[in-house]
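Visitor: First the structure, which I've put down as structure tokens, then a few questions once you've had a look.
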Amino acid sequence: MRTHYCSHVRETDLDTVVTVAGWVDRRRDHGGVVFIDLRDRSGIVQAVLDPQDLPVASSLRSEYVIEMTGLVKSRPADSVNSRLATGQIEIKVQALTVLNPAKTPPFTIADAAEVDEKLRLVYRYLDLRRANLRENLRLRHEIVKLIRRYLEDELEFIEIETPILTKATPEGARDYLVPSRVNPGQWYALPQSPQIYKQILMVAGFDRYYQIARCFRDEDLRADRQPEFTQLDMEMSFMDQESIMALNEGLVRHLFQKVQGTTLPNPLPRLTYQEAMDRYGSDKPDTRFGLELLDMGEFFQGTKFKVFASVLSGGGVVKCLAIGGGDEKISNTRIKPGGDLFNLVAQFGAKGLAFIRVRGTEQEIQLDTIGALKDSLSADQISQLIQLTGVKPGDLLLFGAGPRAVVNEYLGRLRLALGAELGVIDESQTNLLWVTDFPMFQFNAEEKRLEALHHPFTAPHPEDLADLKTARAQAYDLVWNGVELGGGSVRIHQRAIQEQVFTAIGLTPEVAQTQFGFLLEAFEYGAPPHGGIAYGLDRMVMLFAGAASIREVMAFPKTQKAQDLMSEAPSTVTPQQLAELHVRQVTK
């Protein structure tokens, strides 16, 4: 039907006849002439129609689907549009066919006006016609294409698909379950990741595997989470942690160069998990700004301030944030109970925030704080405090005290909130770093047992095999401006160590055999050393696109209630369908 996509018509086509097809983006009637901006997936081209020769021009409306044939001409100098790839030319239309009329859409397609997201999701097919989403999905396609070409052509990876209908396992998030019609009473699980299958592929000798993998997790949603999502999944054999990280730095460096024109440092910076938590209160630190957590435990050792003394004697920590210019910008009301900053830290276990306001002059600094804290500091200690924190008049010190993990968590959250509020985050920076040496396990207080911090197939550090409960994992996360871009680990490839890890997380030998027996047996048939990584592809594209949510880079996302508003999924099914699946529905 057509000879060109709309935005492919160029000055090189001058004085030739072309046929284009698409949607009417805008129609402008100038009396004796009608201008049509025609849109397809490539972009927009302007067409000029004489309504006397083509009466149908007067009936055209936005979103009509049309086909046009005409002569390509240069635009008049005063109407050149430098914002369009086709801004130098226009099409003098000779023939026009309306392929399909359209109702007036519920929101404007032609501009970038704000539209309620629920309305956009109901009419997603219209939303996808808008320029920003169209470009986001084009970017997604380009990123995936770059990944495939680099992994396959440069590194000899093989793409292999793994099953969608898999076996439910007890670790990780909640599974989506699918009943089996031909195996009554039995269920499949949709994969949370291809983890076990890709390890089996390493045992099978495929050496370098990757997959653009669809994954499913039945968990509470946030702006960067969906019940179904896509990840770049990779696994490789005969490589240690250093070589896996170096290979992935090459991939990431390639993407940034091609997508953004950004040259990343080589090698990328690294922080251990403990360093990241101690300095930033997060295992995915945003290093574009300072405002680091300062450990004040040694300074306050032996203090007469009872709150800090009690915490330190009980094995806790005292830390602070030194906020430049914070004395004027952060009021007492915000710090005290009921204030927004108090409420923020209280969500993560804080009992309160102690503070010191630094006032006076450089020559004669004065401290404003609660009496008990002020009275506990001698003149020498005040001088030491100023030197240790680097504060000056007009600054503010906010203190957190309590268990280390709790203080790190809430001061880390407070750091991010204040960094954004005070405008100290350099949005132009692209900071990537590795976080390494994660603990193997964390304690699940609700279930009163250890659980794997990443997953139970992560290999412990060779130096820590004597006591797995306190071992470091051979795990590594790649962080981009405070967002986890991807994470992976060296895997366990020996049955005895895998069984020890299962025991540590409370799986009996019988349960381990029932759940993972095929993997344990595979390890006895010559499993090579191997490891891998997975990147959240939706999140990666979101960051490259500068979007606020992964919903902006997915064609058909779901809401925070895991609903597809366009197709109205999930939905009810008939009693007959349930009966065929040997399932009975019980409504509370």
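The values are calculated or read from the model by the stated rules, or taken from the named source; none is laboratory data. Model, not experiment: these values are computed from the prediction. Here Cβ is always computed from backbone atoms with ideal geometry, including for glycine, and neighbour counts include all displayed protein chains. In case anyone asks, the SASA skips ligands and DNA or RNA and just uses the protein heavy atoms, side chains included. Shrake-Rupley method; radii C 1.70, N 1.55, O 1.52, S 1.80 Å.
Visitor: Using only the alpha carbons of segment 261-380, what is the convex hull's orientation-averaged projected area in square nanometres?
Guide: 11.0 nm²
Visitor: Please give the length that would be gained between Glu451 and Asp53 if that part of the chain were fully extended, namely 0.36 nm times their separation in residues minus their C-alpha to C-alpha distance (nm, one decimal).
Guide: Taking 0.36 nm per residue and subtracting the Cα distance, the gain is 135.8 nm.
Visitor: Here is a further query. Using only the alpha-carbon atoms, how far is helix 241-259 inclined from the longest principal axis of the chain? Give it as 0 to 90 degrees, nearest 10.
Guide: With both axes taken from Cα atoms, the answer is about 40 degrees.
Visitor: Separation of segment 501-525 and segment 283-334 by C-alpha centroid, Å?
Guide: Comparing the Cα centres of segment 501-525 and segment 283-334, I get a distance of 44 Å.
Visitor: When the accessible area of the chain is computed with all protein chains present and a 1.4 Å probe, what percentage of it is carbon and sulfur?
Guide: Whole-percent figure for carbon plus sulfur exposure: 51.
Visitor: Given axes a ≥ b ≥ c from the Cα gyration tensor, I'd like to know whether segment 255-319 is rounded (a/c under 1.5), prolate (a/b larger than b/c) or oblate.
Guide: Details: a/c = 4.53, a/b = 3.79, b/c = 1.19.
Prolate shape, in that a/c is at least 1.5 and a/b is the bigger ratio.
Visitor: Compute the accessible area per residue over segment 307-425, keeping the other protein chains in place, probe 1.4 Å, unit Å².
Guide: Computed with neighbouring chains in place, this is 47 Å² per residue.
Visitor: Taking a threshold of 28 Å on the Cα-Cα distance, which of the pairs Lys329/Lys351; Lys198/Lys284; Lys319/Lys374; Lys284/Lys558 fall above it? Working shown, then result.
Guide: Working: Lys329/Lys351 23 Å; Lys198/Lys284 26 Å; Lys319/Lys374 17 Å; Lys284/Lys558 26 Å.
Among Lys329/Lys351; Lys198/Lys284; Lys319/Lys374; Lys284/Lys558, the Cα-Cα distance tops 28 Å for no pair.
Visitor: Moving to a separate point now. Relative to the longest principal Cα axis of the chain, at what angle does helix 131-149 sit, 0 to 90 degrees, rounded to 10?
Guide: Its long axis makes an angle of about 70 degrees.
Visitor: Ok, one more. Once you put a point 7 Å from the Cα of Thr361 and another 7 Å from the Cα of Tyr525, both along the Cβ direction, what distance in nm separates them?
Guide: 8.3 nm
Visitor: Residue separation times 0.36 nm, minus the C-alpha to C-alpha distance between Ala131 and Asp426: what's the value?
Guide: Answer, rounded to one decimal: 103.4 nm.
Visitor: For Cα Rg over 2.2 N^0.38 Å, which listed value, [x] 1.39; [y] 1.21; [z] 1.54, comes from the coordinates shown?
Guide: Checking each listed value against the structure points to [y].
Visitor: To the nearest 20 Debye, how big is the dipole of segment 63-187 about its Cα centre, given +1 on the beta carbon of each Lys and Arg and -1 on that of each Asp and Glu? Let's see the in-between values first.
Guide: On the way: 19 positive and 19 negative charges, 96 e Å.
Its charge dipole is roughly 460 debye.
Visitor: How tilted is helix 495-504 with respect to the longest principal axis of the chain? Cα atoms for both, answer in degrees (0 to 90, nearest 10).
Guide: The two axes meet at around 70 degrees.
Visitor: Calculate the length of the line joining the C-alpha centroid of segment 367-404 to that of segment 42-57, in whole Å.
Guide: 72 Å
Visitor: Here's a follow-up. Using 19 Å as the cut-off for backbone N distance, which residues of segment 122-139 belong to the label zone defined by a point 7 Å from the Cα of Leu99 along Cα→Cβ?
Guide: 125-131, 134
Visitor: Which lysines have a Cα lying under 26 Å from the Cα of Lys92, excluding residues fewer than 8 positions away in the same chain?
Guide: Lys73
Visitor: Then there is this: Counting only heavy atoms of protein chains, what accessible area per residue, in Å², does segment 234-274 have with a probe of 1.4 Å?
Guide: 46 Å²
Visitor: Less than 22 Å apart at the alpha-carbon level, and either on another chain or at least 8 residues along: which lysines does that give for Lys448?
Guide: Qualifying lysines at Cα under 22 Å: Lys469.
Visitor: What distance in nm separates the simple spin-label points at Gln442 and Val33, each placed 7 Å from Cα in the Cβ direction?
Guide: Roughly 6.5 nm, to one decimal.
Visitor: Using a probe radius of 1.4 Å on heavy atoms only, what accessible surface per residue do you get for segment 501-565? Whole Å² is fine.
Guide: 40 Å²
Visitor: If you stretched the chain out fully between Arg334 and Ala548, how much longer would it get, using 0.36 nm times the residue separation minus the C-alpha to C-alpha distance?
Guide: Details: separation 214, 0.36 × 214 = 77.04 nm, distance 2.70 nm.
Between Arg334 and Ala548, full extension yields 74.3 nm more.
Visitor: Follow-up. How long are the semi-axes of the equivalent ellipsoid of segment 86-216, taking √(5λ) for every eigenvalue λ of the Cα gyration tensor, in whole Å from largest down? List each step's numbers first, then the result.
Guide: Details: eigenvalues 358, 124, 41 Å².
In descending order, the three semi-axes are 42, 25, 14 Å.
Visitor: Which FRET efficiency value, to the nearest 0.05, do you get for Asn266 and Ala204 by plugging their Cβ-Cβ distance into 1/(1 + (r/R0)^6) with R0 = 51 Å?
Guide: Working from the Cβ atoms, E equals 0.95.
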